[in-house]
1. Would you please state the base-10 log of I(q)/I(0) at q = 0.07 1/Å for the protein assembly as shown, with intensities from the Debye formula using one equal scatterer on every alpha carbon?
2. Rg and Dmax in Å for the range B:87-133, alpha carbons only: what are they?
3. Find how many whole Å separate the alpha carbon centroid of the range B:95-161 from the alpha carbon centroid of the range B:307-346.
4. Assuming 1.306 mPa s and 10 °C, estimate D for the range B:9-74 with Stokes-Einstein, Rh taken as the Kirkwood radius over Cα pairs, in µm²/s.
5. Can you give me the % of accessible surface on the protein assembly as shown that is carbon or sulfur? Probe 1.4 Å, all protein chains present, nothing else counted.
6. Once you have the Kirkwood Rh of chain B from its Cα pairs, apply Stokes-Einstein at 25 °C and 0.890 mPa s and quote D in µm²/s.
7. Cα-based Rg of the range B:139-287 per 2.2 N^0.38 Å, rounded to two decimals?
8. When the Karplus curve 6.51 cos²θ - 1.76 cosθ + 1.60 is applied with θ = phi - 60°, which whole-Hz ³J(HN,Hα) does each residue of the range B:226-235 get, with x for Gly and Pro?
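The values are calculated or read from the model by the stated rules, or taken from the named source; none is laboratory data. Worth saying up front: this structure is predicted, and the values here are computed from it rather than measured. A quick note on method: Cβ atoms are made from the backbone with ideal geometry, for glycine too, and the neighbour counts reach across all protein chains shown. Surface accessibility is based on the protein's heavy atoms, side chains included, excluding ligands, DNA and RNA. Shrake-Rupley method; radii C 1.70, N 1.55, O 1.52, S 1.80 Å.
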Amino acid sequence: MELTGWRLLALAAPALLGGYALATASGIFLVGLLPVPLGEAVLAGNLLGFACYAVAVIWVFALRRPVRAWLQLLLASGILAASGLLLRGQLL
Amino acid sequence: MKGTENSQVAVPALGFRQSMTGLHTWAGLALGWVLYFIFLTGTAGYFDTEIDRWMQPELPAPQIDLPAADTVTVLLARLQREAPAAERWFITLPADRNTPYPQFFWQGASSSSSRLTVDATSGEAFTARDTGGGQLLYQMHWRLHYLPRSLSNPVVGFATLFMLVALITGVIIHKKIFRDFFTFRPGKGRRAWQDAHTALGVVALPFHLMITYSGLILLGFSLMPLVVAAYYGTDPKGRQQFIADAFDPPGLLEPAGVAAPLAPLGPMIATAERRWGEGRILFIDIRHPGDRNARVLFHENTDDSVSTGREQLVFDGASGALLHTQPPSATATANSAAKGARDLLIGLHEGLFAPPLLRWLYFFSGLLGSAMAASGLVLWTIKRRQQTARRAGGPGAGLLLVERLNAGVVAGLPIGIAAYFWANRLLPLDLADRAGWEVHAMFLAWLAMLIHAALRPPARSWAEQFAIAAGAFGLLPLLNLFTSDSHLGQSLAAGDWTFAGFDLTTLGFGLAFAWAARRLWQAPETARQYSPRTAMGESL
């Protein structure tokens, strides 16, 4: 069975948008985690975020369940971004 | 797809590799043509300054042997005259192949100049034909020329991301990657295309991965602005602060608002050349000239390292004292590992360090990437043709569209690039917006090829467009003979490899296209792939 039409779109949306959220959130988390000056940490977060994007896209297509992919990606993104900001003391 | 119930049941049964094949196909097809454009114009960019030279044959020989102090004096005089109140003066010295002539730009409180190339002896622009040159051709690969940055950045960014996904899934699909690499079954239609596509991907896989990831890094801040914004805010002030934090060497100050004449640069140049060797200063970056807090940054040439982050010297612009020595970013003594990694990736992407042999390797790797994207697109149509032949009914609209776009893009774009060179030599010198019309000629020629491909049967349009490309490239040396003094007879005799290299390369492309056209014209095999009957016979 092939990936076409709505089935493809239903997977592409969480892969692209959810993957984007996860990539950005991973970058933010990494900035919080790294014990280096802020400018350098942001640079590192930006460098590595894209790898997370590629992994997220592949993961969504391997899972093949759009709703579950959305939920897990957004949940993971929220947790990662929040803990990154907490670690740098940006939320308190 | 038949019935949602069935597909819901079938979902868990689908293998991982099958899912990856679906993703690979989708990602490749969605942005394959954009990727082909990016790959091909970017590949031309590895010879950007050589193309510049060919497109302005009236320019003098490169000025890389002039003493730096003299050139700086000439350029400073011009900057002082033109932009005395600027916040920043930036001078690029002619150092090697990458910068044959000096350049400068300035940024002011309210306005800024674009980068100007000037004569090192006079500081004035050369009198030469108006052209975008090789620089414009290479910039198309991420600026897409007609689009604003706000649009081209996300388009190119997502195309690059799809490329990364397509590469990773491609490796997953072909887990027997080394065996596949040595497998080639020529003349067997679909299998030959499959083998070619795989081999093209595998043979330059390290290059593809490097160029794709570093391409993402180059667009990084515009593609993922929220990582920066989360910590520095969204206003321009915060962004400037980030750039200062991440990239500037220590010791830079805000302007004091107290005037102080700029210290003479001669002693600073002498200090820098004592450290790095004569002629190895690449940039001089002057912040707040004429202010008591002025700083003068010297950047070492990157020609002896892959990384773009070479040593920097920071001088006090008022007293002339050396304040700080910033080590190369990719060394252990540098203070930022992230900047080191970034400079290394960007250096690899741009290949500015590459001596001629390596530069050719870059060029061929880029061509392999272009061919990989192209063969993937063709492969999709061939597979789809075979499936259509097995089922009832004719080919769908999608297949017909992709088949026609493939011919018009894969063969049509090179013709557009050749048209860019033809326009460079044939447009009248006094034409208004001449440089703009060179590019219009490129895209108009390409548009003509797309229309041609839409009207002709695919098997024919491939052959015809390859024949046109053969003429368009193969005759360029002849055009050069009639429109400049740097033709092959002269350039070969003088050992001028910039001009001779351009002419011989285009001649090579012309011959290759002629060979391809002849093969498609004579051999019915390619046409056969498009014939449903033979495709069916093959699958039985």
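1. Normalising to I(0) and taking log10 leaves -0.52.
2. 11.8, 34
3. 24 Å
4. D = 93 µm²/s.
5. With neighbouring chains kept in place, the figure for the protein assembly as shown is 65 percent.
6. D = 94 µm²/s.
7. After normalising by residue count via 2.2 N^0.38 Å, the value is 1.63.
8. Values per residue, Gly and Pro as x: 6, 5, 6, 4, 4, 10, 10, x, 9, 7 Hz.
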